[in-house]
Each structure stands twice: as C-alpha cells, then as structure tokens.
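Shown next, in structure tokens, is the structure this report addresses.
Coordinate-derived values only; no laboratory data. Worth saying up front: this structure is predicted, and the values here are computed from it rather than measured. Here the Cβ is made from the backbone with ideal geometry for all residues, glycine too, and neighbour counts use every protein chain on show.
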Amino acid sequence: MTTVCPHCGWPDDQLFQVLSRHRTGTGLTVWSRCACGSTQVREIGVTGTRVLSRGRPVQTPPCHA
C-alpha cells in the first residue's frame, strides 16, 4: 500500500527534498520536505519505512504591494 501526503497527494515513497539524516538505535531518521512544503520525519528500519510526523504546507503571506 502506497501512502501519499494528505495535503498535496505526493507519494511518500518519492522523497522530494532530504533535509537531514541521523543514525539511531532503530535505523535511520530522515527529515524531509514534501513538494507542497510540509516537513516529515521518517524512520527507516529493518521492517521498512514509516512517516512518524508530518507538518503543514508552507503558507505564503499575502503580498502588500
């Protein structure tokens, strides 16, 4: 089963931008950014990959020209 970003529908198995990677006792923790700008924390271990936490997309403030 493929999961997708609830904000934009980008497939979770296609990392858009990796922000950082850290080795842990359970495998690898990866902070990434989705195509819509939301951040995600993923745990990559022996049993596979899972999204632990997901932020909201970046909100662009209105332009005051």
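Points worth noting:
- Taking the Cα centre of the chain as origin and assigning +1 to Lys and Arg Cβ atoms and -1 to Asp and Glu Cβ atoms, the resulting dipole is close to 160 debye.
- Taking Cβ atoms as reference points and 15 Å as the exclusive limit, the residues near residue 12 contribute a net charge of +2, counting Lys and Arg as +1 and Asp and Glu as -1.
- Over the chain: Rg over Rh, Cα atoms, Kirkwood Rh: 1.07
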